[in-house]
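Working notes for the structure below.
The values are calculated or read from the model by the stated rules, or taken from the named source; none is laboratory data. All values derive from a computational prediction rather than experimental measurement. Glycine gets a Cβ as well: all are built from the backbone with ideal geometry, and neighbour counts include every protein chain shown. Heavy atoms of the whole protein, side chains included, go into the accessibility calculation; ligands, DNA and RNA do not. Shrake-Rupley method; radii C 1.70, N 1.55, O 1.52, S 1.80 Å.
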Amino acid sequence: MTKQLILSLMLAGAAIAAPSGAMAATTQQITASSTAPATVHYRTATIEGVKMAYREAGPADGPVVLLLHGFPTSSHMFRNLIPSLADRYHVIAPDYPGFGESDAPDHKQFAYSFAHYADMVDALMGQIGAQRYAMYVMDYGAPVGYRLALKHRERVSGLIVQNGNAYDEGLGAFWDPIKTYWKSGSAKDRAAQAWLVTPKATKFQYTDGVRDVSRISPDNWVHDQALLDRPGNSEIQLDLFYDYRTNVPLYPQFQQFFRERKPPTIILWGKNDTIFPEPGAHPYMRDLPEAELHILDTGHFALEDKLDEMAPLIRDFLDRKVAPR
């Protein structure tokens, strides 16, 4: 008991002797460390009879940020970015049908196309009540988002572009076999694309062009591959590979939207990406000369190893350009 009393008196004396600045700093550290992480809600909406899953976080009345994922992932790709935005922004990250936790109807009974995805995301945003939004577009998310922008040009408050193509320069050698499939539409050329849904290809998308692969969680490709391996899902993906051809003729309209609307834009591009290589990033500056361009030393899924660089850039951009204080 005596020892405990002496220790208590010593601690009290140290607190009295401590400079007020040090005490304030300690209090700030305790407050910061005790801040609760953002709460993410995992919701679903029914659109055209199909359950569409989405992640939602942040204040309901905050500026909306719509996160549009790429192939072969889902809203899962944004799991680490969402908390860095959700204190101020109303973040919505849907899974397209056939991806993530959304329904995956048989491809013979449901049109798996980028036009259809844009319509469904539009319907989802209508159900949520989001009338204006900044969009993070990556890979498949680019044609989905840009088609949405053509439908509602006035609703786009800003663009975050990450390895999302809108220019012919961005379709390099990787796309040559897929272009062959576009031209023929044959069963033979369709079957030749089946390697894109294999475990080797899925892992490649996460690790190719990454300097330190130890920064990439294997959970990524394990998670994505489990969903790709669902019965019938490979046919869904092959339909989408073929439908991607319909995006290319729209590139001039996407570019016209950039020039005419001039949405505030930040471009964060993994320069080592084999699928959408760096030459696809620079043409944006022709149509959006005031865009902020950041070329990152990484690959396709840049958020997986460059979140520490990207999150502050994205947050700063949104605070300055989309929702200035």
In contact (Cβ under 8 Å) with a residue 40 or more places away in the chain, touching a strand residue (DSSP E or B) at 6+ places or on another chain (Cβ under 9 Å), open to solvent by 10 Å² or more (accessible area, probe 1.4 Å) and not aromatic (Phe, Trp, Tyr) - does that describe any residue in the stretch 250-261? yes
With the condition kept exactly as written, say whether any residue in the stretch 267-280 is open to solvent by 40 Å² or more (accessible area, probe 1.4 Å), within 19 Å of residue 153 (Cα to Cα), modelled with pLDDT of 95 or more and of a type outside the set (A, V, I, L, M). no
Scanning for something out of contact with any Asp or Glu (no Cβ under 9 Å at 6 or more places or on another chain), at pLDDT 95 or above and surrounded by fewer than 17 Cβ atoms within 10 Å (Cβ to Cβ), does the stretch 161-171 turn up at least one residue? yes
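Listed here are the residues, each with its yes/no results for (1) under 25 Å from residue 161 (Cβ atoms); (2) surrounded by fewer than 17 Cβ atoms within 10 Å (Cβ to Cβ); (3) under 18 Å from the mean Cα position of the chain (by Cα).
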{"site": "41", "(1), (2), (3)": "no, yes, yes"}
{"site": "47", "(1), (2), (3)": "no, no, no"}
{"site": "56", "(1), (2), (3)": "yes, no, yes"}
{"site": "66", "(1), (2), (3)": "yes, no, yes"}
{"site": "81", "(1), (2), (3)": "yes, no, yes"}
Report, by residue number, each residue of the stretch 190-234 that is in a helix (DSSP H, G or I), more than 21 Å from the chain's Cα centre (by Cα) and surrounded by fewer than 17 Cβ atoms within 10 Å (Cβ to Cβ). 190, 191, 194, 195, 199, 200, 214
Do you know which of the residues in the stretch 87-117 that are under 22 Å from residue 265 (Cβ atoms) and touching a Pro at 6+ places or on another chain (Cβ under 8 Å) is surrounded by the most Cβ atoms within 10 Å (Cβ to Cβ)? 117
Being over 16 Å from residue 269 (Cβ atoms) and either under 14 Å from the mean Cα position of the chain (by Cα) or among the hydrophobic types (A, V, I, L, M, F, W, C) (or both) is the filter here; which residues of the stretch 165-184 pass it? 173, 175, 178, 182
How many residues does the stretch 149-189 contain that are under 26 Å from residue 278 (Cα atoms) and either in a loop (DSSP other than H, G, I, E, B) or touching a strand residue (DSSP E or B) at 6+ places or on another chain (Cβ under 7 Å) (or both)? 15
Go through (1) of a type outside the set (Ser, Thr, Tyr); (2) under 19 Å from the mean Cα position of the chain (by Cα); (3) on the phi > 0 side of the Ramachandran plot one by one and return the number of the condition residue 162 breaks. (3)
Inspect the stretch 245-258 for any residue being in a helix (DSSP H, G or I) and among the aliphatic types (A, V, I, L, M) and give the result as yes or no. yes
If I go through the stretch 293-325 residue by residue, how many of them are open to solvent by 40 Å² or more (accessible area, probe 1.4 Å), closer than 29 Å to residue 90 by Cβ and not in a helix (DSSP H, G or I)? 4
